[in-house]
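Below is one structure, written out as structure tokens, with a few remarks after it.
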Amino acid sequence: MGSSKRFGARYGNRIRKNVDEAEAEDENFERVSAGIWKNKETGEIVTGGAYKPDTGANQLMKKALKTDGEIEELEEAKEELGVDE
């Protein structure tokens, strides 16, 4: 255990392990509190996950938008071919 030693025996192993990983994972960010992260270089405060600064939501959104564009292309192709479902 790293910095979570300050909790002693409280909160359980898993929570203390998550806190340790969160506080040691990204060198550019410092965890201020659950979901609040501060960039060490710029001082900018951002929101993120409770234990990680990046939740992956940005990647999921990009993937969803890409899929949405593909669906539109498929619909256009169906119209051109005159295919009915």
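Starting from segment 1-21, keep only residues that are of a type in the set (Phe, Trp, Tyr), then list their pairs with residues that are assigned to a helix (DSSP H, G or I) whose Cβ atoms are within a distance under 9 Å, requiring at least 6 positions of separation or different chains.
These pairs meet every condition: 7/15; 7/16; 7/19; 11/4; 11/19.
Taking into account only those residues within segment 3-36 that are of a type in the set (S, T, N, Q) and surrounded by 14 or more Cβ atoms within 10 Å (Cβ to Cβ), which is modelled with the highest pLDDT?
Initial filter on segment 3-36 (of a type in the set (S, T, N, Q)): 3-4, 13, 18, 28, 33.
Keeping just the survivors that are surrounded by 14 or more Cβ atoms within 10 Å (Cβ to Cβ) gives 4, 18.
Values: 4: 76, 18: 80.
This residue is 18.
Kindly indicate the residue of segment 37-54 that is at pLDDT 80 or above and of a type in the set (Ser, Thr, Tyr) and also farthest from residue 17 (Cα to Cα) among those meeting that condition.
Here the answer is 42.
The values are calculated or read from the model by the stated rules, or taken from the named source; none is laboratory data. No experiment lies behind these values; they were computed from the predicted model shown. Quick reminder, even Gly has a Cβ in these numbers, built from the backbone with ideal geometry, and neighbours come from all protein chains shown.
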